[in-house]
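*Asks:* Got a structure here, written out as structure tokens. Questions coming.
The values are calculated or read from the model by the stated rules, or taken from the named source; none is laboratory data. Please read these numbers as outputs of a predicted model, since none were measured by experiment. Because the Cβ atoms are built from the backbone with ideal geometry, glycine has one as well, and the counts that use them run over all protein chains shown. To get the accessible areas, we keep the full protein, side chains included, count just its heavy atoms, and leave off ligands, DNA and RNA. Shrake-Rupley method; radii C 1.70, N 1.55, O 1.52, S 1.80 Å.
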Amino acid sequence: SGTEPVLEELRTAYFLVTGSYMPGEVPREKVYSFGHPVTMPIFCSRDDLVRIDEDGRLMLFQPEPDGTYGAPRQIGEGWGNMQIMFYMPENRFIVRNEFSNLTQYMISDNYDFLSQGDIGWGWGESSKIVPFKDLAILAVNGDALWKYPLSQTGAFDFGNCTAIEGSGWGGYTQLFGYGNNLIMVDPKGDMWVVSLTDDYALGTKRQIGTGWDMYDNVFACGDDLLALDSNGDLWRYEFDPVAFWPLKADEPADEEGPE
């Protein structure tokens, strides 16, 4: 009731302990094999997998009950000139094409295309473009991380399109959002996490893994991570950014990321 006195001697402290795997013993599950290197955009849309194949077709892979992906179905064609593509809530794809323009495509729950429109121009200088929840697009311009708040209709809030942090972002090989976190992988394969609030305040960066250079592409899919290797095999990791993820037995943890 809030009126009873608290007995100091009966106070209890609770500690949340998250276990990590030994180096080289992190479990993973193969969820699909393309049979060849994958170079075109690939990403998760809700819990589904979407990729552009080598013929420019847009292919949808939906999960089976065991978590693997079944045979794809084609949901579009003529996508071969798209350089970057990702899903952004709610129900939209955003792409950068060969002319460095951004286009937003609204889709139905069944992946029917409803409407489209160009929303940005001159994005060719951005080395990475990723969504942050349903709030904004984040881009690495040079060595800086920028935010571009974006409405559901595809309108940028240009007055608030500013740098979040001015240096230290150009050296990462991988960058993606994971809830209110950003996950990064540096050229040595070290994985890092930094929190990002809905007001775009960055927390303290910390290392959460090693050995991730064994993959060409790593991205979030729900609470899991999907990792694509150079053979075209796609692996799922049941992920928690609180834990430490050492993928190789011979990879020591470093103290610092890229400058």
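*Asks:* If the chain between Ser100 and Lys133 were fully stretched, how many nm would it gain, using 0.36 nm times the residue separation less the Cα-Cα distance?
*Replies:* Gain on stretching Ser100 to Lys133: 9.6 nm.
*Asks:* Could you tell me which label, among (i) 1.00; (ii) 1.11; (iii) 2.08, carries the value of Cα Rg over 2.2 N^0.38 Å calculated for this structure?
*Replies:* (ii)
*Asks:* Looking at the chain, what % of its DSSP beta bridges pair antiparallel, to the nearest 5?
*Replies:* 95
*Asks:* Calculate what fraction, in whole %, of the accessible area of the chain sits on carbon and sulfur atoms when a 1.4 Å probe is rolled over the protein chains.
*Replies:* 49
*Asks:* Can I ask one more? Given R₀ = 45 Å, what would the calculated FRET efficiency be for Thr162 paired with His36, taking r from the Cβ atoms and rounding to 0.05?
*Replies:* Plugging the Cβ-Cβ distance into 1/(1 + (r/R0)^6) gives 0.65.
*Asks:* Taking only the alpha-carbon atoms of segment 79-128, what semi-axes of the equivalent ellipsoid follow from 5 times the gyration tensor eigenvalues under a square root, in whole Å, largest first?
*Replies:* Equivalent ellipsoid semi-axes, largest first: 20, 10, 10 Å.
*Asks:* While we're here: Equivalent ellipsoid semi-axes for segment 185-248, as square roots of 5 times the alpha carbon gyration tensor eigenvalues: give them largest first, rounded to whole Å.
*Replies:* Working through the eigenvalues yields semi-axes of 22, 14, 11 Å.
*Asks:* Which are the unpartnered cysteines of the chain, meaning those with no other cysteine Cβ under 4.7 Å from their Cβ?
*Replies:* Cys161
*Asks:* Could you tell me which chymotrypsin sites (Phe, Trp or Tyr not before Pro) in segment 86-125 are loop residues by DSSP with no more than 16 other beta carbons within 10 angstrom of their beta carbon?
*Replies:* Sparse-neighbourhood loop chymotrypsin sites (Phe, Trp or Tyr not before Pro): Phe99, Trp121.
*Asks:* Modelling each spin label as a point 7 Å along the Cα-to-Cβ direction, I'd like the Thr197/Phe113 distance in nm, to one decimal.
*Replies:* 4.0
*Asks:* Let me ask something else. To the nearest 0.05, how large is the calculated FRET efficiency for Lys205 and Asp48 if R₀ is 25 Å and r is the Cβ-Cβ distance?
*Replies:* E(calc), rounded to 0.05, equals 0.20.
*Asks:* Counting only Cα, what are the radius of gyration and maximum Cα-Cα distance Dmax of segment 43-104, in Å?
*Replies:* For segment 43-104, the Cα radius of gyration and maximum Cα-Cα distance read 12.2, 40 Å.
*Asks:* I'd like to check one number: the per residue accessible area of the chain, probe 1.4 Å, reported in Å² as a whole number.
*Replies:* Here the per-residue accessible area is 51 Å².
*Asks:* How about segment 76-161: which trypsin sites (Lys or Arg not before Pro) there lie in a loop by DSSP and see at most 15 other Cβ atoms within 10 Å?
*Replies:* Lys133
*Asks:* Using Cα centres only, tell me the gap between segment 50-97 and segment 173-235 in whole Å.
*Replies:* Measuring centre to centre over Cα atoms gives 20 Å.
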